[in-house]
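J.: Shown below is the structure under consideration.
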């Protein structure tokens, strides 16, 4: 047989459970706009029934736990795509600055200077003893050299800026991995105490997502609730409550910071995140552009100097170097050719327009002008070589931009999916609110009813 | 129970708005600049071809400048030679007049002096300069080609050289821009100055005036023949100019096709993005009004 007091206790229990459920609802509503928050649901469970006489009687409800609703696999996919997107974002942002240096569509770039240089010789050919035309050749040469030098220095400045960003990003990676390790520990402690680590997990998910924006990550969830994080190439970042900081070290050959993980140079194996985008622009695209500019400068310097030496100046003297000669390194690299490019001639009379020593002869001026159509850089004319460079730089950006758009769409889709699972719906919470409120009111009504019954029972014995 | 959807409708709207804003930015940039290419990545191949187009166009502009400055010097040279031919024609008629048997020695002396005057005039013409440079001294542009020389049988000495400069008037097409005086005024059998000197001498000494006049006549026809070089050259320049101007028009057109935005399309795109934005914003406004809490009884 059950007792009135037993009923009272079931109703009281119900009051407490509905209160707990209302608190979960309130928490969901409060965090409706909190980034990274996953909605929570109260897990209600029937209390074990007791044997009352020959009958099993229910003993009410218990709040078993509060669970965060999330899909870990989806989270990992989102982290992967975030990694890709951040990598492309930082690459495109960097390379947009590079392509601005060569923006031929806006009339900035080297084409005008190349044309003016060759045209100045063509012009001189019509009147080879004319001193203002000779001066014009010198000025066009100086402008050309200045443009190459400036472009090359701008590239170097961009590269140095990216290098700084690399070290800053590594610093941010370390902060986040330390945070993840710290959260791992807290989550274990809370779990061991039998509590819900949901909000800590939310924080960790947010940290992991931010981390994947900086570097490619592979996350493994272990049974004790902690996660271990490595790069996709296996460099350890977080294991349990320990994080392994990345370090940077200047590479003496490039002057740029290499990234080290556990004592190994991992610079080129970083496969995602802002760090990859920065490194890709810093170590591949910009050096490749720089080297093309250097090759072009070296080709022009060598061809102009050689042709100058085939001719004679206005004073009949044998031609001398037009530009300060450039000597490639032992390995054949033209590095530095553009930065140091400068006109070596000190007087307009030295322009070797004459091919035979007669001051009025223009044979060599024409030959110098015709260098425009000679294969002077890697078997190509200066114009064609430069045009290919433009194509290359434009493609670097446009390919990355297309990829960026594609990844962006995937990421939108995944985020949408994630929110459809974990996002707080106010409609849903309002409904829960009513449901729990009504259950609470009903339980309260049970208590007052039992109270009346108890009162009635007691009144039975009131002496009249 | 139905499928749960993303309760944050705004994020969906926001994505839409962002994508739309990007398209709007692109369309606006096209309308503002009038260019469909605003950075290399908009169309790398087109940007690369732009470089080649402009290199070629710039060369053409230079060739056209060359042509215009050459036309000036060729015209000056041509008209100087016309004057030479005219002077020689006068000399020839003086020679014919000198053969008249009624003339006495002093008459002939006067004619001889007239020939000497013509000789001087032609020397002056042969020393014509343009922009400070002698036109008939070969490539020795700063050297006066003809100087009077009493030790020479022709009365002059040629100080120039036998070379001529060539200038490119379009890609790969070079054209000689002058003839040296040594070729213009003399060859193995004829010499303008010698013929005038001979005529002058014949008149003074009453020698072979007839023969000397024929000599002048030969010189006259020789110079006339040489002069055609200049007329032909000017024609050649005109042809090249026509060709280059046409090519430039074509290059400009191609450059325009490569670079210029189709304004109608750009403006349509722009207004389309505006419409889309309005639609999205309107939907966004609707969403905010729908919330279950609005239907809860107020306590």
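Just so you know, all these numbers are worked out from the coordinates, no wet-lab data involved. If you're wondering where the values come from, they're calculated on a predicted model, not measured in any experiment. Virtual Cβ from ideal backbone geometry, glycine too; neighbours counted across all protein chains shown.
J.: With axes computed from alpha carbons, what is the tilt in degrees of helix A:382-422 against the longest principal axis of chain A, rounded to the nearest 10 within 0 to 90?
T.: Compared with the principal axis, the helix lies near 0 degrees.
J.: Still on this structure, I have one more. For each of B:36, A:64, count neighbouring Cβ atoms within 10 Å of the residue's Cβ, then give the residues from fewest to most.
T.: Starting with the residue having the fewest Cβ neighbours, the order is A:64, B:36.
J.: Sticking with this one: Take every Cα pair under 8 Å in region A:76-413 that's 6+ residues apart, average their separations, divide by the length, and report that relative contact order as a whole percent.
T.: 25
J.: Still on this structure, please answer the following. Where does each of A:158-167, A:383-392 land if you order them by average Cβ count within 10 Å, highest first?
T.: With the highest mean Cβ count within 10 Å placed first, the list reads A:383-392, A:158-167.
J.: Report, please, the projected area of region A:76-413 averaged over directions, based on the convex hull of its C-alpha atoms, in nm².
T.: Projected area, direction-averaged: 19.6 nm².
J.: For region A:239-279 and region B:31-97, what is the separation of their C-alpha centers, rounded to whole Å?
T.: Between the Cα centres of region A:239-279 and region B:31-97 lies a distance of 59 Å.
J.: Residue by residue through A:415-428, how many Cβ atoms from other chains fall within 10 Å of the Cβ on average?
T.: 4
J.: Give me a single rounded figure for B:121-132: the average over its residues of other chain Cβ atoms within 10 Å of their Cβ.
T.: Across B:121-132, the average partner-chain Cβ count within 10 Å equals 1.
J.: Tilt of helix B:192-205 relative to the longest C-alpha principal axis of chain B, in degrees (0 to 90, nearest 10)?
T.: Taking the Cα atoms of chain B, the angle to B:192-205 is about 20 degrees.
J.: Could you work out the equivalent-ellipsoid semi-axes for region B:221-292, taking the square root of 5 times each eigenvalue of the Cα gyration tensor, largest first, in whole Å?
T.: 70, 6, 5
J.: Give me the inter-chain shielding for A:87-100: mean count of other chain Cβ atoms within 10 Å, whole number please.
T.: Mean shielding by partner chains, rounded to a whole number: 1.
J.: In cubic angstrom, how much convex hull volume per residue do the alpha carbon atoms of region B:9-91 span?
T.: It comes to 91 Å³ per residue, whole-number rounded.
J.: What is the packing order of peptides B:138-150, B:96-108, A:259-271, taking the mean over residues of other C-beta atoms within 10 Å and listing the highest first?
T.: Peptide ranking by packing, descending: B:138-150, A:259-271, B:96-108.
J.: Just the number, please: Stokes-Einstein D of chain B in µm²/s, Kirkwood Rh from C-alpha pairs, 20 °C, 1.002 mPa s.
T.: Rounded, D is 82 µm²/s.
J.: How big is the gap, in Å, between the Cα center of region B:192-250 and the Cα center of region A:203-227?
T.: Cα centres, region B:192-250 to region A:203-227: 93 Å.
J.: How big, in percent, is the set of alpha carbon pairs in region A:239-392 lying more than 18 Å apart?
T.: 68
J.: Relative to the longest principal axis of chain B, what angle (0 to 90°, nearest 10) does the C-alpha long axis of helix B:9-33 take?
T.: 20
J.: Report, please, the projected area of the protein assembly as shown averaged over directions, based on the convex hull of its C-alpha atoms, in nm².
T.: 50.2
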